[in-house]
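Student: Structure below; questions to follow.
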Amino acid sequence: MAAVTSLGESSLDRPAERPRGMQARRRRRLNLFRYLVFTVFGLFFILPLLAMTRFSLEGRTLGTWSLTAWKQIVSYSFPDLPPLLPAIEITLELAVISCVIVLVLLVPTMVWIRLRVQWLSRIFEFLCLLPLTIPAIILVVGLAPIYNFIRHYELSALMLFWAYVILALPYAYRALSAGLNAIDVPTLSEAARSLGASWFTVITRVIVPNMWQSILNATVLTSALVLGEFTIAYLLLYTNLQVELFSISRNTPNASVIFSTSVASLMFAFALLLILSFAGRRRQRGRG
Amino acid sequence: MAVVATTEPGARPARAGRRASIPGWVGTVPFLAYVGVFLLLPTGIVIVDALKNPSGAWQFSSVTELGNPLVRTYFIGSLKLCLISSVIGAVFGAILAYAVASGNPDGVVRRLYLAASGVLAQFGGITLAFAFLTLLGPVGLLAHASWFYDFPWGIALIYAYFEIPLMVLVFMPAIDGLKVQWREASENLGASAWQYWRHVGGPLLAPAFIGSTLLLFANALSAFATIEAWESQIAYIVPQQISISLSSEVGLSNINYADVLALGMMVMVAIIMTGYALLQRRASRWLR
Amino acid sequence: MTSPMTRTQDGTARAGVEVRMDGLSRHYGPVVALDKLDLTVQAGELIALLGPSGCGKTTTLRLVAGLEDADAGRITVGGKDITHLSASKRDMGMVFQAYSLFPHMTARQNVAFGLRLRRIAAATRDKRAIEMLELVGLSTQADRYPHQLSGGQQQRVALARALAIEPQVLLLDEPLSALDAKVRAQLRDEIRRIQLEVGTTTLFVTHDQEEALAIADRVGVMKDGRLEQLAPPTDVYSRPATSFVAEFVGLTNRLAGTVSGQTVTVRGRDLPLVDPSTPAGPATALVRPEAVTLASDSTGDSGPLVGTVIAVTFLGATSRVTVDLGDTTILAQLTTADAAELPAGSRVALTIRPDPVLVSADSPALSEA
């Protein structure tokens with residue numbers, strides 16, 4: 001369990017050494033192999049996305065081009081279905097709430113465990129990584145009765161955040177612990193405490209600024225997860241973006257708006273991760 | 001408790017530890033409470049309900065429903081799909097990971113592929129099924145593939161789309177861990193490229209490769225959104241059956257069908273994850 | 001080392017072969033790493049290539065090993081041109097800086113790996129692996145994995161692995177740089193002992209001058225992809241060919257002086273020149289700290305060779321004393337007992353031993369900086 005590898009942090013890992021140079025023959029062979037692989041896989045990854053993009057730009061008649069579907073992202077509604085825009089809004093809100101809760105729950109607890117209760121760290125790690133072995137489809141079965149209870153008090157789909165925080169735990173934990181491992185928490189906090197800082201100040205002014213990168217990392221991973229989540233919302237009968245897209249596709253299988261919205265959400269997540277990756281590089285450069 | 005914490009090996013003599021009267025573990029209560037309610041409680045509910053009948057009496061015989069031929073079909077369907085998609089994902093993902101890792105560690109190609117992998121591995125779901133529908137489905141742009149709705153090969157292709165990027169993410173650190181000196185040393189001692197992979201590179205990567213494959217298997221096992229958007233009329237795999245029994249009252253009478261299925265899956269995932277952890281430990285013995 | 005060394009009898013010590021490099025060049029993009037290098041390593045000789053990072057010493061080694069291709073030039077081993085031979089067919093043993101042992105093999109398996117590739121029977125290669133481990137004093141650790149060995153032990157295994165294939169040439173790429181000082185000195189001497197014992201022609205790359213001087217038959221000092229000087233260690237130290245060599249090998253005082261005829265006059269003293277053809281005129285003389293001796297001065301006179309001690313650095317058996325001469329400072333190396341008589345603040349009179357000195361090409365005006 002403890003060995004489960006993170007999905008997010010490898011983008012920041014860098015190999016320790018690279019060849020200074022190699023034999024021309026081998027480099028040529030390797031480059032040929034690389035370009036071949038990149039072309040084949042690039043096609044495999046890009047073709048479905050291109051096809052989907054083309055469908056999102058389909059006009060009223062087949063083969064024409066139109067931006068209608070992209071404009072519909074904010075205006076689409078269909079009889080008997082909730083409109084699309086509120087579903088987008090609620091999903092974005094869920095992403096924000098889940099990120100905040102994950103950070104508020106994890107960062108102080110992780111710092112605290114490092115400082116005061118190291119004997120809890122193994123149990124803590126186990127609990128954080130546990131959701132990897134209890135995937136959403138299993139969790140949702142046990143969550144059903146709990147959500148029946150929640151519904152007595154609040155009906156909003158925003159309540160999904162309770163479950164989403166759990167789903168995000170392993171990824172956020174791995175990202176944050178990579179950041180914490182890179183700094184000497186006990187020494188930093190002892191230094192700050194000896195200068196008269198309160199515990200609150202230690203965490204917000206000393207620890208957090210030093211692990212900014214990994215906090216950003218955890219945030220992006222959590223957001224991506226929430227933006228793409230379907231299983232729990234669908235089975236607990238809530239409507240989020242993915243459920244809404246699913247419902248529209250069931251009613252009008254080729255509605256262009258589901259493609260434009262899908263492409264938009266994918267591009268949003270991709271942009272987030274790419275920005276993160278380059279932000280990470282700048283920071284490391286600055287330090288080196 | 002604070003005294004225990006400070007005498008723990010590796011623990012720093014915490015300045016605050018002596019002064020504070022509250023035990024250290026109190027700081028972790030919010031986290032523990034949250035995880036208790038939204039992770040441990042649902043898991044417990046699944047296990048308990050699987051072992052009880054709807055009237056509340058203990059009934060271990062409901063677990064024997066896992067042996068029911070119809071139920072077995074779903075588990076076999078899950079196994080088939082996961083085996084195919086995880087092996088495809090692992091082999092091709094490893095090739096892609098090697099191609100990416102052998103390039104410039106700070107280059108644009110690497111960043112692009114890692115960011116894209118981060119998105120595609122997490123963001124499969126509904127969107128992905130749509131994308132392949134527009135490419136190969138009945139109205140597909142590239143082809144109207146007759147096998148698109150075949151189980152398991154049609155859906156396995158779609159699964160490969162998120163399994164390959166996941167493999168890139170989890171396998172990349174292992175490839176980065178291969179030191180240039182090992183290759184140069186083996187070459188220097190007279191090894192051909194093939195001998196290097198056979199005696200050095202291969203054995204070193206094997207545990208990480210098998211471990212990553214298991215992780216891909218677990219990932220495919222719990223995937224639900226993609227297959228639901230691909231074909232929601234026919235149930236092939238366990239998660240679909242869980243969905244049906246959760247959202248309808250139909251199902252095998254007299255037992256908590258969804259709970260039993262979920263318990264069965266939990267056991268499968270637990271076996272896989274244990275294997276993963278053992279392999280990872282073996283791998284880390286060499287690579288650290 | 002305390003463990004007894006047994007000399008292997010089955011031809012470990014085979015006569016070395018000559019390695020020749022002719023006009024060897026290598027560029028990395030616009031950077032010239034190696035500029036038409038000519039170097040001949042005699043059969044059985046150990047040459048240490050010494051220089052700052054980026055001087056081309058490691059590139060030389062990698063070209064000889066075949067890990068990189070030369071842009072121009074020729075490498076011959078024992079008269080045979082190997083310039084275009086792939087690394088795996090060159091029959092050279094190489095020891096890398098660190099971490100080159102295969103982590104999934106025990107020490108014994110690592111040493112036997114090259115023999116396994118040569119399809120030597122399991123029993124034979126096992127016996128030979130143990131012999132090689134005995135040679136480096138590690139036969140008791142044969143079944144340990146690399147991560148269970150210390151850094152020094154790992155490098156010993158790497159050396160045994162390189163020697164196990166009875167290479168024509170042994171290449172050592174800063175093999176000691178990752179070790180701590182004491183292990184470094186110990187292993188350095190041992191490498192030399194083993195090299196003499198097996199007689200393999202050896203190229204040893206290092207940035208540590210002390211290491212190079214201690215181990216080599218000849219030292220090649222490199223700078224910007226060229227050989228500045230190739231000579232026995234004593235010559236490199238006492239008769240440096242260029243001011244770069246003088247300053248890179250050992251500490252040097254730069255003192256303003258005037259060249260006339262066969263001597264250079266520094267602060268009123270005439271010192272002989274290394275290179276008698278030095279043109280006359282103002283120059284900067286490079287004087288070793290150990291050529292400077294100090295005596296307590298109570299006369300109170302002022303003169304060009306009288307100054308005040310401003311710092312004493314204790315180095316163990318010797319101490320380094322910094323003396324303020326008014327217009328410049330000078331370093332002197334004394335025995336610690338002598339230096340103890342001269343605390344900071346004391347007035348001292350200097351003597352400069354008339355060893356041959358080198359004159360720097362730099363203008364004296366700049367050299368005082």
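The values are calculated or read from the model by the stated rules, or taken from the named source; none is laboratory data. Small disclaimer: the values here were computed from a predicted structure and weren't measured. Neighbour counts are summed over all protein chains in view; Cβ atoms, including those assigned to glycine, are modelled from backbone coordinates with ideal geometry.
Student: Would it be correct to say that A:THR53 is surrounded by 17 or more Cβ atoms within 10 Å (Cβ to Cβ), hydroxyl-bearing (Ser, Thr, Tyr) and away from chain B (no Cβ under 11 Å)? Can you show your working first?
Tutor: On the way: surrounded by 17 or more Cβ atoms within 10 Å (Cβ to Cβ): yes; hydroxyl-bearing (Ser, Thr, Tyr): yes; away from chain B (no Cβ under 11 Å): no.
No; evaluated as a whole, the condition is false for this residue.
Student: Also: List, please: which pairs have Cβ atoms under 7 Å, are six or more places apart or on different chains, and start with a residue in region C:207-224 that is farther than 13 Å from C:LEU176 by Cβ and modelled with pLDDT of 90 or more and end with one that is aromatic (Phe, Trp, Tyr) and assigned to a strand (DSSP E or B)?
Tutor: If the second residue must be aromatic (Phe, Trp, Tyr) and assigned to a strand (DSSP E or B), the pairs left are C:ALA216/C:PHE204.
Student: So how many residues does region A:26-78 have that are β-branched (Val, Ile, Thr), part of a helix (DSSP H, G or I) and modelled with pLDDT under 85?
Tutor: Residues meeting the conditions: 3.
Student: Right, here's the next one. Would you be able to tell me the number of residues in region B:194-227 that are more than 8 Å from every other protein chain (Cβ to nearest Cβ), within 27 Å of C:ALA87 (Cα to Cα) and not aromatic (Phe, Trp, Tyr)?
Tutor: 5
Okay, residues lined up against (1) out of contact with any helix residue (DSSP H, G or I) (no Cβ under 6 Å at 6 or more places or on another chain); (2) away from chain B (no Cβ under 11 Å); (3) in contact (Cβ under 8 Å) with a residue 12 or more places away in the chain:
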residue	(1), (2), (3)
A:PHE149	yes, no, no
A:ILE166	no, no, yes
A:ILE183	no, yes, yes
A:THR187	yes, no, no
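Student: Just to be sure before I move on: is C:GLY29 within 14 Å of chain B (Cβ to nearest Cβ) and free of Cβ contacts under 8 Å to residues at least 12 places away in the same chain in the structure I sent?
Tutor: Numbers: within 14 Å of chain B (Cβ to nearest Cβ): yes; free of Cβ contacts under 8 Å to residues at least 12 places away in the same chain: yes.
Yes, satisfied.
Student: Output the number of residues of region C:63-109 satisfying the condition of being in a helix (DSSP H, G or I), without any contact (Cβ under 8 Å) to a residue 60 or more places away in the chain and at the interface with chain B (Cβ under 9 Å from one of its Cβ atoms).
Tutor: Applying the first criterion (in a helix (DSSP H, G or I)) to region C:63-109 yields C:63-65, C:87-89, C:107-109.
Filter once more, keeping what is without any contact (Cβ under 8 Å) to a residue 60 or more places away in the chain: C:63, C:87-89, C:107-109.
Subset that is at the interface with chain B (Cβ under 9 Å from one of its Cβ atoms): C:87-89.
Residues in region C:63-109 being in a helix (DSSP H, G or I), without any contact (Cβ under 8 Å) to a residue 60 or more places away in the chain and at the interface with chain B (Cβ under 9 Å from one of its Cβ atoms): 3 in total.
Student: Which members of region C:339-351 meet the condition of being assigned to a helix (DSSP H, G or I) and over 30 Å from the mean Cα position of the chain (by Cα)?
Tutor: Once the filter is applied, which keeps residues that are assigned to a helix (DSSP H, G or I) and over 30 Å from the mean Cα position of the chain (by Cα), region C:339-351 yields only C:ALA340.
Student: Quick check on A:VAL102: is it part of a helix (DSSP H, G or I), out of contact with any Ser or Thr (no Cβ under 6 Å at 6 or more places or on another chain) and farther than 29 Å from B:LEU261 by Cα? Full working, then the answer.
Tutor: Working: part of a helix (DSSP H, G or I): yes; out of contact with any Ser or Thr (no Cβ under 6 Å at 6 or more places or on another chain): no; farther than 29 Å from B:LEU261 by Cα: yes.
So A:VAL102 fails the test.
Student: Does B:ALA277 qualify as being at the interface with another protein chain (Cβ under 8 Å from one of its Cβ atoms), in contact with a strand residue (DSSP E or B) (Cβ under 9 Å, 6 or more places away or on another chain), assigned to a helix (DSSP H, G or I) and not polar (S, T, N, Q)?
Tutor: Working: at the interface with another protein chain (Cβ under 8 Å from one of its Cβ atoms): yes; in contact with a strand residue (DSSP E or B) (Cβ under 9 Å, 6 or more places away or on another chain): no; assigned to a helix (DSSP H, G or I): yes; not polar (S, T, N, Q): yes.
Considered against the rule, which asks whether it is at the interface with another protein chain (Cβ under 8 Å from one of its Cβ atoms), in contact with a strand residue (DSSP E or B) (Cβ under 9 Å, 6 or more places away or on another chain), assigned to a helix (DSSP H, G or I) and not polar (S, T, N, Q), B:ALA277 comes out as no.
Student: I'd like to verify a number: residues in region C:260-275 that are closer than 19 Å to C:ARG353 by Cβ and without any contact (Cβ under 8 Å) to a residue 60 or more places away in the chain, how many?
Tutor: Counting residues in region C:260-275 that are closer than 19 Å to C:ARG353 by Cβ and without any contact (Cβ under 8 Å) to a residue 60 or more places away in the chain gives 4.
Student: Looking only at region C:286-316, which residues are aliphatic (A, V, I, L, M), touching a helix residue (DSSP H, G or I) at 6+ places or on another chain (Cβ under 7 Å) and farther than 30 Å from C:THR242 by Cβ? Before the answer, list the steps.
Tutor: Step one: filter region C:286-316 for residues aliphatic (A, V, I, L, M), giving C:286-287, C:291-292, C:294-295, C:305-306, C:309-312, C:315.
Narrowing the set further to residues that are touching a helix residue (DSSP H, G or I) at 6+ places or on another chain (Cβ under 7 Å) leaves C:286, C:312.
Selection gives C:VAL312 alone.
Student: Further, regarding this structure: Would you confirm whether any residue within region C:38-51 is more than 14 Å from chain B (Cβ to nearest Cβ) and at pLDDT below 90?
Tutor: no
Student: So is C:LEU115 of a type in the set (A, V, I, L, M, F, W, C), facing another protein chain (nearest Cβ under 10 Å) and either buried (at least 17 other Cβ atoms within 10 Å of the Cβ) or not in a loop (DSSP other than H, G, I, E, B) (or both) or not?
Tutor: For C:LEU115, the condition - of a type in the set (A, V, I, L, M, F, W, C), facing another protein chain (nearest Cβ under 10 Å) and either buried (at least 17 other Cβ atoms within 10 Å of the Cβ) or not in a loop (DSSP other than H, G, I, E, B) (or both) - is met.
Student: What are the residue pairs meeting all of these: first residue in region A:40-58, first residue closer than 20 Å to B:ALA99 by Cβ, second residue of a type in the set (Val, Ile, Thr) and crowded, with 19+ Cβ neighbours inside 10 Å, Cβ atoms under 6 Å, and 6 or more apart or on different chains?
Tutor: none
Student: Of the residues in region B:125-139, how many are at the interface with chain A (Cβ under 7 Å from one of its Cβ atoms) and within 26 Å of the chain's Cα centre (by Cα)?
Tutor: First, the residues of region B:125-139 that are at the interface with chain A (Cβ under 7 Å from one of its Cβ atoms): B:125-127, B:130-132, B:134-135, B:139.
Now restrict to residues that are within 26 Å of the chain's Cα centre (by Cα): B:125-127, B:130-132.
Of the residues in region B:125-139, 6 are at the interface with chain A (Cβ under 7 Å from one of its Cβ atoms) and within 26 Å of the chain's Cα centre (by Cα).
Student: Can you pull out every residue in region B:170-193 that is facing another protein chain (nearest Cβ under 8 Å), crowded, with 18+ Cβ neighbours inside 10 Å and either over 23 Å from the mean Cα position of the chain (by Cα) or among the aromatic types (Phe, Trp, Tyr) (or both)?
Tutor: B:LYS179, B:VAL180, B:GLN181, B:TRP182, B:GLU184, B:ALA185, B:SER186, B:GLU187, B:ASN188, B:LEU189, B:GLY190, B:ALA191
Student: Continuing with the same structure: Could you run through region B:119-151 and say how many residues are among the small types (Gly, Ala, Ser), modelled with pLDDT of 80 or more and under 22 Å from B:VAL168 (Cα atoms)?
Tutor: 2
Student: For the condition more than 24 Å from B:THR64 (Cβ to Cβ), buried (at least 21 other Cβ atoms within 10 Å of the Cβ), at pLDDT 85 or above and not polar (S, T, N, Q), what is the one hit in B:LEU261, B:LEU221, B:LEU216?
Tutor: Exactly one of B:LEU261, B:LEU221, B:LEU216 is more than 24 Å from B:THR64 (Cβ to Cβ), buried (at least 21 other Cβ atoms within 10 Å of the Cβ), at pLDDT 85 or above and not polar (S, T, N, Q), namely B:LEU216.
Student: Something else: Which residues, taken from region B:178-205, are touching a residue at least 24 places away in the same chain (Cβ under 8 Å) and in a helix (DSSP H, G or I)?
Tutor: Answer for region B:178-205, where residues must be touching a residue at least 24 places away in the same chain (Cβ under 8 Å) and in a helix (DSSP H, G or I): B:LEU204, B:LEU205.
Student: Next question, about the same structure. Within region C:127-153, track down each residue that is surrounded by fewer than 17 Cβ atoms within 10 Å (Cβ to Cβ), charged (D, E, K, R) and farther than 16 Å from C:PHE102 by Cβ.
Tutor: C:LYS127
Student: Let me ask something else. Are there helices (runs of 4 or more DSSP H) fully within region A:187-274 with at least 3 residues that are within 18 Å of the chain's Cα centre (by Cα) and surrounded by fewer than 21 Cβ atoms within 10 Å (Cβ to Cβ)? List them. Outline the logic, then answer.
Tutor: Numbers: elements: A:212-228, A:231-235, A:241-251.
Helices (runs of 4 or more DSSP H) meeting the threshold: A:212-228.
Student: Do we have any residue at all in region A:100-119 that's more than 11 Å from chain B (Cβ to nearest Cβ), in contact (Cβ under 8 Å) with a residue 24 or more places away in the chain and within 16 Å of the chain's Cα centre (by Cα)?
Tutor: yes
Student: Another one. Taking B:LEU112, is it surrounded by fewer than 18 Cβ atoms within 10 Å (Cβ to Cβ), within 14 Å of another protein chain (Cβ to nearest Cβ) and assigned to a helix (DSSP H, G or I)?
Tutor: Yes; evaluated as a whole, the condition is true for this residue.
Student: Give just the number: which of (1) within 12 Å of another protein chain (Cβ to nearest Cβ); (2) surrounded by fewer than 20 Cβ atoms within 10 Å (Cβ to Cβ) does B:THR73 not satisfy?
Tutor: (1)
Student: What number of residues in region A:120-131 are aliphatic (A, V, I, L, M), facing chain B (nearest Cβ under 7 Å) and within 18 Å of the chain's Cα centre (by Cα)? Lay out the reasoning, then the answer.
Tutor: Of the residues in region A:120-131, the ones aliphatic (A, V, I, L, M) are A:120, A:123, A:127, A:129-130.
Going one step further and asking which of them are facing chain B (nearest Cβ under 7 Å), we end up with A:120, A:127, A:130.
Now restrict to residues that are within 18 Å of the chain's Cα centre (by Cα): A:130.
Residues that pass the stated criteria total 1.
Student: With the condition kept exactly as written, say whether any residue in region C:135-157 is within 14 Å of chain B (Cβ to nearest Cβ), modelled with pLDDT of 90 or more and within 26 Å of C:GLY78 (Cα to Cα).
Tutor: No; the residues of region C:135-157 include none that is within 14 Å of chain B (Cβ to nearest Cβ), modelled with pLDDT of 90 or more and within 26 Å of C:GLY78 (Cα to Cα).
Student: Ok, one more. Go through the residues of region A:133-146 one by one and say whether even a single one is more than 10 Å from chain B (Cβ to nearest Cβ), surrounded by fewer than 16 Cβ atoms within 10 Å (Cβ to Cβ) and part of a helix (DSSP H, G or I).
Tutor: Going through region A:133-146, the residues more than 10 Å from chain B (Cβ to nearest Cβ) turn out to be none.
No, there is no match, as no residue in region A:133-146 is more than 10 Å from chain B (Cβ to nearest Cβ), surrounded by fewer than 16 Cβ atoms within 10 Å (Cβ to Cβ) and part of a helix (DSSP H, G or I).
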